[in-house]
Amino acid sequence: MKHDNSYTGQDFKVIGTRVKRPDGIDKVTGRARYGADASLPGQLVGRILRSPHAHARIKSIDISKAEALQGVKAVVTADDMPVPQGLPGDLAHMLENSMARGRALYDGHAVAAVAAIDAKTARKALQLIEVDYEPLPHVTDVDAAMQPDAPVIHDWIYTSGVDPKPEKPSNVVQRTEFGLGDIDAGFAEADVVVERSYKTEATHQGYIEPHACLANIRPDGSGELWVTTQGPFVYRNVCAQMLGMDIAKLKVTSSEIGGGFGGKTHVWGEPVALALSRKANRPVKLVMTRDEVFRASGPTSSTSMDIKLGATRDGKLVAARAEMRYGNGAFPGIWGMLSCMTSFACYEIANCKAIGYDVVLNRPKVAAYRAPSAPMAAFGVESAMDELAAAISMDPVEFRLKNASREGGQSHYGPVWGPIGIRATLEAVRDHPHMKAPLGPNQGRGMACGFWFNIGGQTCSDLNVGIDGTVTLTVGTVDVGGSRASLGLIAAEELGIAYEQVSVNIGDTGSLGHNDMTEGSRGTFSSGMAAIFAARNTIEVLRERAAKMWGIPVEDVTWEAGQAVAKGSAHGNLKPLTLKDIAAKSPKTGGPIAGHNEVVADGAGVSFASHICDIEVDPETGATKVLRYTVVQDAGKAIHPDYVEGQFQGGAAQGIGWALNEEYIYGKDGRLQNPGFLDYRMPVCSDLPFIDTKILEIPNPGHPYGVRGVGETSIVPPLAAIGNALSNAVGVRMHHVPMSPPRILKALREAEREAC
Amino acid sequence: MLTVRANGSVRNALDGAESVEVTASTIRELLTRLADRYPALERELDAGIAVAINGEIYRDDRDVKIPADAEVFLLPRIPGG
């Protein structure tokens, strides 16, 4: 049955309540099973040998000594993972990223792997593998990689989107452009122009649980994979295609997930574990160390950008230009293009142009990280917005409000806006008590805005009614942040029953049709839509069964508040039948009662947020402390406010870490210098204040309940909010993220010298 | 006849054209006819294209009907984190 996904403005009974999440107890008592927590009889330990070079030709690999070691059951190299005929280009890149073929493209690139009876034997076997490398010139800096004399990483990359078409290969994958109007005319109108350059360093998602899986390929070629992932169906499709398997012969089960944030939308060691299992004919467990997670799973882009904004004296933004250069790691991506699409979304600017460059580097393959590419672009644009507001002596919130995007206006990336919340978030910030709280010496307040698209996608769910009237909802989107509770609320709302009557189950790839990943803030939006429709299908079955029990036409039966009601004067003596009544009789009225739905959940509503930050700077050391932080964001409809607030807080915390300390540091040798949490400084609880939140609800017209995704936007504003606060605290404008103590101290010293 | 506008890598695949004219009543028809005319679009279709019709973005549903006077934008498919 085709259902309408339009927002109807219905009143809710349980939606919006703060019920307990079903997975909470297992998670706080250690019973929840994560990627490394599965075992099978006879399982082996997998370990990967990684390149110590940033770029090197692999002249030969001798695995004979490792294979001969007692306890070693398999050794694999790229020879054991051939490229299947017809494998799409992006999957071929993933396969090569999983196991180097001919060249190691970055420090940490896998070159061989072993499966042995225990970890000690596996480690010893790795030492016995002899790799003959010929080091090659490397480049890890995005600006250096774009220079004409830079070492060219791939001889098959010819920049697209430039005219004339290049005759020589380079590291620039593509140039893309988005925008509106005539920027030259726009800047000619401007009374004041601010033009600045910015850099941001690469960061890692920093999920606490490393990549981990248990692969088991049977002698008949079928197999299973237990894995920490944001998308078991996509992992199944990708791994099966990469290894030349039939998709239906690989069952993937997602474990509980200890954080993903985009990093677990991509396969890393999983194809290697499957190849080892296939060769060893035994189950293989592969768990990455933290060093491997940093060196060989996808961080963000490192970036470099030039932002130019122009406004009239009365505060109208009349022109904007951004040129943004994004590192992609060792394989082509679209991260620079994405930065273009997010850069100016918050504002209505008649003349704007965003230009993006995607550039390959001798670094790990970049993966999505929560609103991918948007935080860096926002750092540049929102920092320049503050400077421009100051230059025309206008309050930064009022300046943003005056230029905020509005419903019916055209976005800079193309489509016309529907109902959007940027203006409402700014008004809420303007009126928030946080904005009026006093500040002390060396303390400053800043604010910034952020945007993310949100996505929908392919979704499939099942709803089954037990004979006791309890309900099991099975969904295919991994629960990364409390979605089981939200989806349970949705099923309860539709059926008119108590939340406690519903259990929510995350299905494996054998139990449901395809589901796209939990990415793009789509989990509750998409699976929520499928759950609504599955419940509505179930209600149709319940009505039929009630009609059968009563012996009346189904047209005379309605579903109201969790029970079947016989309508019409002829049925006035019939007592309503509850879900429990109908379920109890189901074996004799047609068998199991279930509802199913598969949907392409289009209609995801975009999301905007505005953040406020207070910071204190120690002028002697450059150390900073975030004193107070407030997130205001449009959620469409907050199904479960706790987990909406949790997403707001989590994104802000990650953004604060990115702004102040986190960075990939490469040596001149192209090797990562800080692949561990001691040297890669993520914030811990004691570094952060309580992050206050304010949920706004501007319904998304493309969802029956008005839901918008909420998971990503909150990481977009913090870099700029902190930069703006810092500038207001000590009078120095930071152009390089992270704004770590050494960089702040350097900026303070330079400012002192200039003042003398 | 629809006026279809494009940005980013999709515009690159349309030989840099800011807009093209095409007759189509569904997203499927639209993309098929454009791919016939611009072979480079095939690569973008493989990577994923989203179609915005009067502001609503469709990533996967190819059966959506396009009103005759609709504002139509082709966009690169957006990933998420």
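A few notes on this one:
- Segment A:140-154 - residue that is outside any loop (DSSP other than H, G, I, E, B) and in contact with a strand residue (DSSP E or B) (Cβ under 8 Å, 6 or more places away or on another chain) and, of those, farthest from A:Thr303 (Cα to Cα): A:Ala145
- Considering segment A:328-342, the residues that are assigned to a loop (DSSP other than H, G, I, E, B) and over 18 Å from B:Ala47 (Cα atoms) include one that is farthest from the other protein chains (Cβ to nearest Cβ), namely A:Ala330.
- Of the residues making up segment A:676-713, just one is farther than 30 Å from A:Thr289 by Cβ and part of a helix (DSSP H, G or I), namely A:Thr713.
- Residue match in segment A:273-286 (condition: polar (S, T, N, Q), surrounded by 24 or more Cβ atoms within 10 Å (Cβ to Cβ) and in a loop (DSSP other than H, G, I, E, B)): no
- All of (1) out of contact with any Leu (no Cβ under 7 Å at 6 or more places or on another chain); (2) on the phi < 0 side of the Ramachandran plot hold for A:Val111 with one exception: (1).
- Verdict on A:Ser301 being in contact with a Ser or Thr (Cβ under 7 Å, 6 or more places away or on another chain), under 27 Å from A:Asp23 (Cα atoms) and touching a residue at least 12 places away in the same chain (Cβ under 8 Å): no
- Taken over segment A:65-114, the residue count meeting the criterion of being under 26 Å from A:Pro332 (Cβ atoms), of a type in the set (Gly, Ala, Ser) and away from chain B (no Cβ under 14 Å) is 9.
- Residue selected from segment A:353-409 under the condition part of a loop (DSSP other than H, G, I, E, B) and of a type in the set (Val, Ile, Thr), by the criterion nearest to the other protein chains (Cβ to nearest Cβ): A:Val366
- Residue within segment A:613-624 that is closer than 30 Å to A:Gln458 by Cα and modelled with pLDDT of 95 or more present: no
- Some residue of segment A:661-670 being crowded, with 24+ Cβ neighbours inside 10 Å and within 18 Å of the chain's Cα centre (by Cα): yes
- Which numbered condition A:Ala561 fails, given (1) among the aliphatic types (A, V, I, L, M); (2) in contact with a strand residue (DSSP E or B) (Cβ under 9 Å, 6 or more places away or on another chain); (3) farther than 26 Å from A:Phe451 by Cβ: (2)
- Test: residue in segment A:71-82 that is surrounded by 13 or more Cβ atoms within 10 Å (Cβ to Cβ) and either within 25 Å of the chain's Cα centre (by Cα) or assigned to a helix (DSSP H, G or I) (or both): yes
- Close pairs (9 angstrom Cβ cut-off, 6 or more residues apart or separate chains): without any contact (Cβ under 8 Å) to a residue 24 or more places away in the chain in segment A:450-466, among the basic types (Lys, Arg) anywhere: none
- Of residues in segment A:453-479 being aliphatic (A, V, I, L, M) and under 23 Å from B:Arg59 (Cα atoms), the one farthest from the other protein chains (Cβ to nearest Cβ): A:Val475
- Residue in segment A:480-490 that is closer than 22 Å to B:Arg59 by Cα and assigned by TED's automatic domain parsing to the domain that holds A:Leu577 present: no
- Matching strands (runs of 3 or more DSSP E) fully within chain B where at least 2 residues are more than 9 Å from chain A (Cβ to nearest Cβ): B:2-6, B:19-22, B:49-53
- Filtered residue count, segment A:140-191, keeping only those that are closer than 30 Å to A:Gly108 by Cα and among the hydrophobic types (A, V, I, L, M, F, W, C): 11
The values are calculated or read from the model by the stated rules, or taken from the named source; none is laboratory data. Please read these numbers as outputs of a predicted model, since none were measured by experiment. Backbone-built Cβ (ideal geometry, glycine too); neighbour counts: all protein chains shown.
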